[in-house]
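K.L.:
Have a look at this one before I ask anything.
The values are calculated or read from the model by the stated rules, or taken from the named source; none is laboratory data. Nothing here was measured: the structure is a model prediction, and the numbers come from that model. Remember, those area values only see protein heavy atoms, side chains included, never the ligands or the DNA or RNA. Shrake-Rupley method; radii C 1.70, N 1.55, O 1.52, S 1.80 Å.
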Amino acid sequence: QVQLVESGGGLVQAGGSLRLSCAASGRLFSRYAMGWFRQAPGKEREFVAAISWSGGSSYYADSVKGRFTISRDNAKSTVYLQMNSPKPEDTAVYYCAATFGVVTLGADEYGYWGQGTQVTVSS
């Protein structure tokens with residue numbers, strides 16, 4: 001099993017930058033593919049980015065490609081989401097998730113979730 005705790009959320013101005021962190025407990029972190037999802041008010045949860053257990057493959061939603069970067073440090077059992085040039089439409093609660101298997105974009109495939117961290121982008 002793995003437990004996830006997000007941090008780094010907050011208020012940021014459009015055009016600024018923000019880095020979210022997700023710290024995982026457990027010795028098997030490197031076996032899990034990791035993902036970031038978000039949910040804005042009145043909208044369904046949506047995929048943002050994902051990364052394989054080795055870090056060799058990463059995937060992004062079209063809406064964030066070129067602006068956000070997902071990375072992981074298995075030695076620190078931490079996954080990151082670097083948010084550059086955020087837009088007001090990026091405002092949402094961001095969730096870190098883990099799946100014991102092949103990297104996937106489907107939320108239903110992730111068995112472990114963090115509590116979420118609020119990101120608010122002002123114009």
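K.L.:
Any idea how far the Cα center of the stretch 1-34 sits from the one of the stretch 75-123, in Å?
P.N.:
For the stretch 1-34 versus the stretch 75-123, the Cα centre distance is 7 Å.
K.L.:
With θ taken as phi - 60° and the coefficients 6.51, -1.76 and 1.60, list the Karplus ³J(HN,Hα) couplings across the stretch 87-100 in order, rounded to whole Hz; mark glycine and proline as x.
P.N.:
10, x, 5, 7, 4, 4, 8, 9, 10, 8, 9, 10, 9, 8
K.L.:
Further, regarding this structure: Hey, what do the phi angles of the stretch 64-79 turn into as Karplus ³J(HN,Hα) couplings, whole Hz, using 6.51/-1.76/1.60 and θ = phi - 60°, x for Gly and Pro?
P.N.:
3J(HN,Hα) across the stretch 64-79, in whole Hz: 10, 4, x, 10, 9, 9, 9, 8, 9, 10, 5, 5, 9, 6, 9, 10.
K.L.:
Same structure, new question: So what is the diffusion coefficient of the stretch 9-91 in µm² per second by Stokes-Einstein at 10 °C and 1.306 mPa s, using a Kirkwood Rh over Cα pairs?
P.N.:
Working: Rh = 13.5 Å.
It comes out at roughly 118 µm²/s.
K.L.:
Provide Glu6, Glu44 ordered by accessible surface of protein heavy atoms (probe 1.4 Å), highest first. Please list the in-between numbers first.
P.N.:
On the way: Glu6 20, Glu44 160 Å².
Per-residue accessible area, sorted high to low, gives Glu44, Glu6.
K.L.:
How much of Ser63 can a 1.4 Å solvent probe reach, expressed as accessible area in Å² and rounded to 10?
P.N.:
60
K.L.:
Now for a different question. Given an 8 Å cut-off on Cα distances and at least 6 residues of separation, report the relative contact order of the chain as a percent. Can you show the working numbers first?
P.N.:
Working: 311 pairs, mean separation 44.4, N = 123.
Reported relative contact order: 36 percent.
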